[in-house]
Amino acid sequence: MQMNPVLTIALPLILAFTKIMYRRIANLFLVLGSLLNVLVVFFIKEGQYLMGGYAPPFGIVLQVDAYALYSLLVLNVLFAALTILVTKKAENLTSSSLIALAALNGLILTGDLFNLFVFLEIAAIAAIIIASSSKRYHHAFHYMVASIIGSTFYLLGLILLYKQYGTLNMAKMHELMLASPGGSSVAVILIFVGLAVEVKLMPFSGWVKGVLKNADEWIGPMIGAIYGGAMMIVMGRLFTDVFVVSPKVTLLLSILALVTLVGGEAAAYDSEKMREILLYSGVAQSGLEILLILNGYAALSFILILSNMMAKYVMFLLSGYIVNAAGTDVLGDLKGLFRSNPFLGFAFTAAGLSLAGLPLFVGFFIKLNILYNLMMSHSYWLPAIILITSLVEGIYMLRMILGLWQTGLEVQETGIQIISPSNIKTKYAVHAITLILSLAMVVFGLMPDYALDLAQKARGNAVADKPAMMIGMKGGPGQ
Amino acid sequence: MKRILILGLMAILVMGIYNYAVYDPYQKTTMPFEERDSQAYLSRSVNGDPGEVVYGKSTNLENGAANTVAAIVVDYRSFDTLGEVTVLFISSLGVAFLSGGFGKTIRLKHKPSFLLQYGARFVFGIILVFGAYMFLHGHLTPGGGFPGGAIIAASALVLYLGGESSGEKMKAFKILEGAAGSLYVLSGIVGLYFAGFFMQNVLPSGIVGHLFSAGIMPVIYILIGLKVGSELTGILDYFMREEVSS
Amino acid sequence: MMELLSLSLLFLGMYGLITKHHVLKMIVSMNVMEIGLNLFITSLGYQESHLAPILSSKFPSSALNFVDPLPQSLVLTSIVIGVGTTAVALAFAKKIYMDYGTLDLEKIEGRL
Amino acid sequence: MNIIHLILGLFLAGIAAYGIGRLKPAAASWLTLAASWAALLILFLGGDTLAGGNAWGLLAFKMTPLGWFFSMTLLFVYSTNTFFNLSVPAAPTRQAAYPMLYLISLASTIGVFSAENWLALFIFWEIVLWSSTFMIGFGKPGRGSIIYFGMSLLGSFMMLFAILVMGTAYQTFEVKGALMAAAQSPGPALLVFLLMLFSAMVKLGITPFHIWMPEAYHEAPDHFAPVLAGGLSKLGAFTALMVTSFLPASTLMAQPWQVRGLPLLTYILLTVSAVSIVIGTLMAIKQEDAKKLLAYSSVANSGYIMIGMLMGTPMSVSGALVHLLAHALATTVTFMVMAAVARQTGTTRMDELGGLLHRMPITFLAFLTAILSLVGLPPMLGFVSKWLILQSLASQGLFLVAAAAIFGSIGSLLYAFRILSTVFLGQLKPKHRQVREAPAVLLIPLLLLSGVTLVLGIYPYGLVQYTAKIENSLGFADTVQITGLSIQGNNGNLNALLIMGAFAIGFLIALGIFLKAPKSRKVDLMDTYTGGEFIYSPELYSYSTNFFAPLERVYAGLPEISRLYEALANRVRDLGTLVQYLFFSPLPSRTALLISVVTILLIWGEAI
């Protein structure tokens, strides 16, 4: 059986449209829709799918390669898990969530630059509505302003490219750009800036703090993890498969990414609140991801994006529940929390250690390969900077995790736990899903070769991919 | 001072973009019109060259709409339009969500005069018919589903101004909105399972310039018109309400 | 010339976004930006003495010179998207005013 | 049974311990005990020919004499310490994660010592790091565990960088092969050498990197501190010895850059180690907490180990290896004693203790042995090692370093005496009247470890012979020589048995005098009727606070290195605050401004 990938977009849409007529079973629509989507994804085959029967440069195509397929799978699974976990929160937002799902799928699948813009807008508005469910409207408005500026820049760049190359199709655009890359830099920069707003690159990411520092278990994983990951996948698609970027522009944008990496880690180090730490570290990670994308490490950036997405998902989800129970996310007040909630603690710890790149978790091998490949082609400076930022990241990440495990002095003396297990009312599903995800991180940490191979396979044919030499457990080059 | 500085910055930005991307006296970075993809839309030659297309004569084209822009919007790049509809839909959802769902209608401060009250009802019908005309002739003349829908919403606005309250009608609008949207997607899926491609034009395209031409396009424009009309009306309605709970 | 003017309009909107803290003024600025952008897109598809891309009894043949129809259709989409975002933004304005009693973001931030 | 089974078995036992620990905590502690002793037995019986193997490409293992020596040392420390896990009543052991982390870190240390591949070594190294960090976290609340983690991570990232430099420059990650390739073709070899040694210095706690030691040892749970102090810091010595023997500094620095026949680099590092001895000793003297004092003594002793390895002569390397073992055994005992004391009295602050000799005599005996070994007095193992190191220093003519080493020895007498006299001698505090000897289960490891210290001190020949074997395997041209019952030094031989004989005679004479002389009468601390004074607070009459006040005053005003790290951390914080202020303003207009400015910079930057 084979499914057309357009169903991953059309199904949620149709459910969203019909849902407004049946308000009572809204939740069922959401859960059913997202689960159906996961099912559909399993039956999608790679290939090119035309819309309306018009051939590529003229009609819109959905470009399904391994890259899109794996991203789609991870995204839909995470999304479905989230809808199951937080149906209560999403009650008033079922249609918006379904449309968000459709838009994110569309973003990943589409092979047309203007179609991408349309999905970008849908996704942005859906995200803003989801973000506004935290009742902090001026923050959501900030997000809205930023994303409108972003999409304006994107469209401006896009239309400049159209003027120069006369097409909107990604594949044809790439061919034409290869033939005559001159003159396209401004357009590429504008598009980069437009997307950078969404992927939280630093000077453009002013909105992130407002939206995520008050994120609950619904907004956090959604905006912080799923959206960030999907947008980054789009970024990877555009800047490795489509655009031919001149070395000078690459350098300029890389500097921006590096500034993000360093600044984000420093800001996270400075922070004392759980969700702020997570959001700043997310900003820093996106800097690293973009650095890899720009310099052509398509496979490495891909696996980094996916693993970060999963880790952030777990951590934001759990921090949401913790804040619900404790009413605060200041780390000093949450001491010893995991003592009474060991399963949440395990999942959180595994995700955090993976994010910090410690062995036994998949993050380590990803970081190792990044450093190794950068060292193979560049000077020692870039890996050195990445290692220093990793050091900072490791310290604050462990400070947070240890702080949550270790009871404070007053607790040790009085023996009274502020937050007991009964305070954190979580469904078993939360335990199950976060534990499965963190176990996945351990399993892939022990057997990274499979993940690395998949990433290689997905991005090995990426146009601008530098052939990465992967070191897995099986051994790397020179063994 | 600060404002002048920022104005200066904007000027630099405009100059930068203009200089390095737009201004192109030797046509080096501008693709000539004849070589752009859009040329195929004009000559309806995406899937094979039909020769010269003549108004009122050519038949069996891949797209039979006289209005090329409409042909692009609803046929060649219909998928974009589905997205567009979705944007409006989610905007109306957003407005509904932010307005806290169904509240009670804000009473207009002034009492509408006799003229406004009855004039509105009279004009309402005319505007409505004009809107319908717009989306029915979308494939022939400038216009189409979106302007048509907007005009329908304008007729509803006139009604509001005339002192009419929406009340129960909203439910009907919701159903219209949902049904139109679902039918649009369904028409795409019908294309997928009966012709092989999502949103494929499954109906015969007829003669260019005739009312019953361009295959599925008028149908889709009707759906879009209804959906947009009901959505915009809904948005208007939400702005006229205030939260009850608070 | 048209390109330069529309670009200027776009960044005039940007100027408004940078200098204003009032929600409604920002929404107006965003609309100015959108209009500038839409004009810019159409201006790139325009060429002197070419026809509007609609076949009619007066201009019946596809062999005639038409302007580029694609930017126009893109603009159609972009306009609709603009309408949608404006509606949401206005809803935000309403909500912000209900919550804080003011539409000045600087004051809101100062209060928090 | 090969190494893979051993490591895997320990890992699985750790996971099993977690499961059991959730149901029955005591059973998990017994499991750690059984698993670690079984591992020790397997390793002991297997010897350095224990079969290795290739588990998984990267994870290839091969036991070498050096690896076996280190593994045995650490396993011994770990397994003796399991007795303490058994009977510490405090809550932390009840946590099921502790036994798991304990066994995982144990398995990983064996992995570090037997890995054939730098990457595998690094993976195990890092697992040891985070598992031990979590175990420290079970102790007193504070930032010690974070300082430990941060410093160690700094070290391991330096190592990772060096590993990757080797991997990219020489296309190999093999432990021995990569270093030897670096030795043959200079290129970035100097970078590799420095980074590797720095990372080892972090683990060992050599001076500029030592700040984690007192904090972490102080905060670690009492039953984990022995492993941390006696065992884990030795990981650094392992890599350092690898580097100094396969990539000696002499291959990096040409002829003119030499001081006294040693490369300048080595000389500088030797000086750093000497400084470490001095600083460790001076800081140890002024500590009030026994665990912190012992931590600084570890800083000083690491300096000896480092000096021995840096000199690179057969005798000095033997000295370093023997000292490493001596220090591991002695420090483990001292921290175990402190754990026992803390268990019985509830504190490790010296001004709150005193006179425990009469209450805990066996503990005292073990402690005395350990302290004598730390100071380097015969007939303990510490004497042999210090003799070897000083011999080789003298034969190289490095008198400045030798002076520091001797200063360290004398200084260690001061602080060792202090801890001895304030904890065990002197007056018993009134509140400690009811203190009893530690339970038998805690005395087993104490007696075991101090017995080994004593036996090896009397009869060190087998051990020294084994270090000669290690040197052989490390490719040394000649090794330390033993003829008959004397170890050959450059300007004198060491006959430990002879010294023991002399010592025994002296001891017998002293014992005779003690038995013959009239007994002293004990006067209680509160027994002050002759002074006509009434005592309100007995603590004030304790002479254990400000014990060496006059000496401390000499160096009181010197800056501390931890300030430097604090300043660095504060700069990072400042940068973070700046970033938050600049780029994360809540106003949308700021975002819009930033977008415009950066776009201008990008567009015009590209154009220029």
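The values are calculated or read from the model by the stated rules, or taken from the named source; none is laboratory data. Computed from a predicted structure; not experimentally measured. Note: ideal-geometry Cβ built from the backbone for every residue, glycine included; neighbour counts use all protein chains shown. What goes into the accessible areas is simple: the full protein's heavy atoms, side chains included, and nothing from ligands, DNA or RNA. Shrake-Rupley method; radii C 1.70, N 1.55, O 1.52, S 1.80 Å.
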Rounded to the nearest 10 degrees, the helix D:361-375 long axis (Cα) sits at an angle to the longest Cα principal axis of chain D of 50 degrees
Among DSSP beta bridges lying fully in chain A, give the percent that are antiparallel, nearest 5. 90 percent
Over the heavy atoms of D:SER486, what accessible area does a 1.4 Å probe trace out, to the nearest 10 Å²? 20 Å²
Segment B:59-242: relative contact order in percent, alpha carbon pairs under 8 Å with at least 6 residues between: 37 percent
Dipole axis of the protein assembly as shown (+1 Lys, Arg; -1 Asp, Glu on Cβ), positive-most option in A:VAL362, A:TYR396, C:GLY36: A:TYR396
For D:TYR267, A:TYR321, give me the order by solvent-accessible area with a 1.4 Å probe, most accessible first, ignoring ligands, DNA and RNA. D:TYR267, A:TYR321
Over the protein assembly as shown, what is the percentage of antiparallel beta bridges among all DSSP beta bridges, to the nearest 5? 90 percent
If amide H atoms are built 1.01 Å from N in the plane of the peptide, which residues on other chains or at least 5 residues away come under 5 Å of the amide H of D:ASN117? D:ALA60, D:VAL175
Can you list the residues, at least 5 places off or on another chain, whose amide H is less than 5 Å from the amide H of C:ASP68, using H built in the peptide plane? C:GLN47
Enter the angle in degrees (range 0 to 90, nearest 10) between the Cα long axis of helix D:144-170 and the first principal axis of the Cα atoms of chain D, meaning the one along which they spread out most. 50 degrees
Could you go through segment D:235-248 in sequence order and give the Karplus-derived ³J(HN,Hα) for each residue, using 6.51 cos²θ - 1.76 cosθ + 1.60 with θ = phi - 60°, rounded to whole Hz, and x for Gly and Pro? 4, x, 4, 4, 5, 4, 5, 3, 5, 5, 8, 8, 10, x
Cα-based Rg/(2.2 N^0.38 Å) for chain D, rounded to two decimals, is 1.03
Average partner coverage of C:51-59, which counts Cβ from other chains inside 10 Å: 6
Charged-residue dipole, Cβ positions (Lys, Arg, Asp, Glu), chain A about Cα centre, Debye nearest 20: 600 debye
If you find the alpha carbon centre of segment D:451-519 and of segment D:304-366, how far apart are they in angstrom? 19 Å
Charged-residue dipole, Cβ positions (Lys, Arg, Asp, Glu), the protein assembly as shown about Cα centre, Debye nearest 20: 2780 debye
If you wrap chain B's Cα atoms in a convex hull and average its projection over all directions, what's the area in nm²? 20.5 nm²
Sequence of A:ILE108, D:ILE444, D:ILE513 when ordered by accessible area, the most exposed leading, probe 1.4 angstrom: D:ILE513, D:ILE444, A:ILE108
Is there a simple number for the mean count of other chain Cβ atoms within 10 Å of the Cβ of residues in B:198-207, and what is it? 3
Would you mind checking the tilt of helix A:26-42 against the longest principal axis of the Cα atoms of chain A, expressed as 0 to 90 degrees and rounded to 10? 60 degrees
If you find the alpha carbon centre of segment D:397-441 and of segment A:143-214, how far apart are they in angstrom? 69 Å
Taking the Cα atoms of segment D:1-138, report the difference between the largest and smallest coordinate on each principal axis, in whole Å and largest first. 39, 28, 21
Leaving out ligands, DNA and RNA but keeping every protein chain, what accessible area does D:TYR581 have, in Å² rounded to the nearest 10, with a 1.4 Å probe? 150 Å²
For chain C, fraction of C-alpha pairs farther apart than 21 Å, in %: 52 percent
Over the Cα atoms of segment D:388-497, what radius of gyration and what Dmax do you get, in Å? 19.8, 61
What size of dipole, in debye to the nearest 20, comes out for chain B about its Cα centre when the only charges are +1 on Lys and Arg C-beta atoms and -1 on Asp and Glu C-beta atoms? 1020 debye
Using Cα pairs under 8 angstrom and six or more residues apart, how large is the relative contact order of chain D, in percent? 12 percent
Explain nothing, just the number: relative contact order of chain A, from Cα pairs under 8 Å at least 6 residues apart, as a whole percent. 14 percent
Report, as an integer, the average count of C-beta atoms from other chains found within 10 Å of each Cβ along B:25-35. 4
Name the residue from A:VAL314, D:SER318, D:ALA342 whose Cα lies farthest towards the positive end of the charge dipole of the protein assembly as shown, charges +1 on Cβ of Lys and Arg and -1 on Cβ of Asp and Glu. D:ALA342
Whole angstrom only: what separates the Cα centroid of segment B:1-75 from the Cα centroid of segment A:2-39? 35 Å
With DNA, RNA and ligands ignored, accessible area of A:SER271 (1.4 Å probe; Å², nearest 10): 0 Å²
Using only Cα atoms, what Kirkwood radius does segment A:1-99 have, in angstroms? 14.2 Å
Using the Cα centre of segment B:59-242 as origin and beta-carbon charges of +1 (Lys, Arg) and -1 (Asp, Glu), tell me which of B:ALA172, B:TYR76, B:ILE216 is placed farthest towards the positive end of the dipole. B:ALA172
Determine the order of D:LYS386, B:LYS2 by accessible area, beginning with the largest, at a probe radius of 1.4 Å. B:LYS2, D:LYS386
Taking a cut-off of 22 Å, what percent of all Cα-Cα pairs in segment D:335-419 are separated by more than that? 38 percent
Debye calc, one equal point scatterer per Cα of the protein assembly as shown, no solvent, log10 I(q)/I(0) at q = 0.06, 0.07 1/Å comes to -0.64, -0.81
The whole-number value in µm²/s of the Stokes-Einstein translational diffusion coefficient for chain A, with Rh from the Kirkwood sum over alpha carbon pairs at 20 °C and 1.002 mPa s, is 95 µm²/s
Within chain B, what's the longest stretch lacking GluC sites (Glu not before Pro) that sit in DSSP loops with no more than 16 other Cβ atoms inside 10 Å? B:53-163
